[in-house]
Every structure is written in C-alpha cells, then in structure tokens.
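Heads up, the thing below is written out as structure tokens.
The values are calculated or read from the model by the stated rules, or taken from the named source; none is laboratory data. Please read all numbers here as calculations on a predicted model, not as lab measurements. Methodologically, a virtual Cβ is constructed for each residue, glycine included, from the backbone with ideal geometry; neighbour enumeration extends over all protein chains shown.
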Amino acid sequence: MGNTYQRVLLKLSGEALMGDLSYGIDPTIVQYIAQEIAEVVSNGVQIAVVVGGGNIFRGIKGAAAGMDRATADYIGMIATVMNAMTLQDALEQAEIPTRVQTAIAMQEVAEPYIRRRAIRHLEKGRVVIFGAGSGNPFFTTDTTAALRAAEINAEVVFKATKVDGVYDSDPKVNPDAKRFRTLTYSHVLAHDLKVMDSTAIALCKDNNIPITVFDLSVRGNICRAVMGEPIGTIVGESCEVS
C-alpha cells in the first residue's frame with residue numbers, strides 16, 4: 001500500500017510515555033515509540049511530534065492544588081521538554097535525525113520554534129518534536145498539536161491514546177459503549193466527546209485537518225494509521241457519524 005500522507009503530526013500524551021508506571025517515563029515505552037516512528041520515516045513520510053507533559057506535571061492539577069494557573073501551566077510546558085528530549089534521544093539511538101523545537105527559549109538544549117526551520121527539517125527527513133506547548137498558559141498540548149499541524153501544513157493529526165478510538169460513553173464504565181468509525185467536527189463539539197479539547201477541535205475544523213484517534217499500544221499502529229488503514233476513529237469535515 002502506498003503512502004496516503006506525505007507530512008503528518010503525531011500527538012503523544014505524556015501519559016503514553018509512562019507505560020504502566022504511576023509517574024515519569026518508561027524507557028521501554030519510549031524505545032517502542034521511537035521504533036514505530038522510525039518505521040514511518042523509513043517509508044518516506046515526514047513526521048512531526050507534539051508531546052504532552054502529564055506524566056511529570058499537569059497544569060490543571062497544579063492549579064487545583066492551589067497554584068496560580070499560569071505558573072502551573074508554565075511548569076507543565078517545561079515538563080513536555082523533558083519528554084521531548086527523552087524521545088529525541090531514543091530516536092537518534094535508532095539513527096533517526098531529530099530536532100527538538102521549543103516555544104519557550106531553552107537554547108542550550110533545543111532550538112527555538114521557528115516555523116520555516118521546522119518545515120526545512122521535515123523536508124530533509126528529520127523528525128521534529130515540538131516541546132513547551134504553544135508557549136502560552138491556558139492552552140493544552142492538544143491545541144498545540146492542531147496549531148502546529150496547521151502551521152507546518154500537515155495533512156492529518158494522529159492522536160495516539162490508550163483506547164482504540166472515540167466512544168459514545170466511557171468503555172471502561174459502560175461495556176455497551178459504541179465506538180465510532182467516523183465523526184464530524186460538529187458532532188464532537190456538540191456532544192462534548194473527549195477527542196481533544198474544544199479549542200483543538202475548532203482549529204482543526206477551521207483548517208480542515210482530519211484527526212485520527214487510535215490505540216498506541218498495538219504494535220505497528222502508527223505506521224498503519226499513516227498508511228491510511230482504517231483503524232481507530234477518524235474525525236473530519238466530510239465524514240459521516242458512523
């Protein structure tokens with residue numbers, strides 16, 4: 001099967017890097033993700049990554065514990081850079097050239113986010129990992145994924161999660177929960193389905209960037225998604241609710 005996409009953006013939650021740990025980074029999981037991304041690169045697809053920081057620090061939880069929300073969000077952004085650097089190391093051990101770009105300047109360890117430079121890296125076959133979110137408090141890394149996807153002209157956002165798609169209710173609570181194969185942006189927003197936060201969905205809708213939600217833990221799924229195999233749930237303008 002030929003490549004369906006030439007340039008994609010992969011959104012990884014911080015929790016995805018924890019594996020079965022309760023906190024932090026599981027090196028085995030990071031190596032597994034790096035191998036999956038390496039397979040995509042070997043197929044000639046340009047891939048950028050946005051990584052969350054919830055495995056280390058989550059701004060909303062910090063704010064709930066009494067911290068100033070903006071301060072908590074900035075700490076969360078710094079946590080994402082730790083994840084980005086860890087993933088970069090694993091990718092480069094797999095001989096995949098990788099650049100980390102951060103929205104908060106950390107010039108000793110990463111490049112600043114510069115859109116044209118990011119695109120040039122992708123054109124040269126490098127993986128680009130975007131750290132520090134959008135650089136703004138009150139915005140999630142989901143929103144960053146939608147924003148960066150639009151900026152670099154990615155054709156699709158892949159959201160890798162711990163479930164195999166989007167359901168009409170929580171499948172862990174309701175054994176009869178129905179998984180959607182396809183959804184419209186409007187349906188996701190109207191029914192407050194937990195795909196990404198509403199700002200991210202609206203950004204993808206405005207820029208007509210489809211979103212595929214799939215299970216990261218199934219080996220080969222990142223490559224399957226990039227090759228256009230019908231896994232998980234696809235959210236798009238031309239999709240029907242099914």
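Observations on the structure shown:
- Condition check for Val241: out of contact with any Gly (no Cβ under 7 Å at 6 or more places or on another chain), β-branched (Val, Ile, Thr) and surrounded by fewer than 17 Cβ atoms within 10 Å (Cβ to Cβ): yes
- Checklist (1) out of contact with any helix residue (DSSP H, G or I) (no Cβ under 6 Å at 6 or more places or on another chain); (2) of a type outside the set (Val, Ile, Thr); (3) touching a residue at least 12 places away in the same chain (Cβ under 8 Å) applied to Pro112, failing item: (3)
- Every test in (1) at pLDDT below 95; (2) within 16 Å of Arg148 (Cβ to Cβ) is passed by Thr199 save one, and that test is (1).
- Residues of segment 20-30 include at least one that is surrounded by 16 or more Cβ atoms within 10 Å (Cβ to Cβ) and touching a residue at least 40 places away in the same chain (Cβ under 8 Å).
- When Ala34, Ala16 are checked against the criterion of being assigned to a helix (DSSP H, G or I), in contact with a helix residue (DSSP H, G or I) (Cβ under 8 Å, 6 or more places away or on another chain) and at pLDDT below 95, a single residue qualifies: Ala16.
- Taken over segment 39-62, the criterion of being hydrophobic (A, V, I, L, M, F, W, C) and surrounded by fewer than 18 Cβ atoms within 10 Å (Cβ to Cβ) is satisfied by Ile60 alone.
- Residues located in segment 146-185, provided they are buried (at least 16 other Cβ atoms within 10 Å of the Cβ), assigned to a strand (DSSP E or B) and touching a residue at least 40 places away in the same chain (Cβ under 8 Å): Val157, Phe158, Lys159, Ala160, Thr161, Val166, Phe180, Thr182, Leu183
- Among (1) assigned to a loop (DSSP other than H, G, I, E, B); (2) closer than 30 Å to Glu229 by Cα; (3) not basic (Lys, Arg), the one test that Tyr23 misses: (2)
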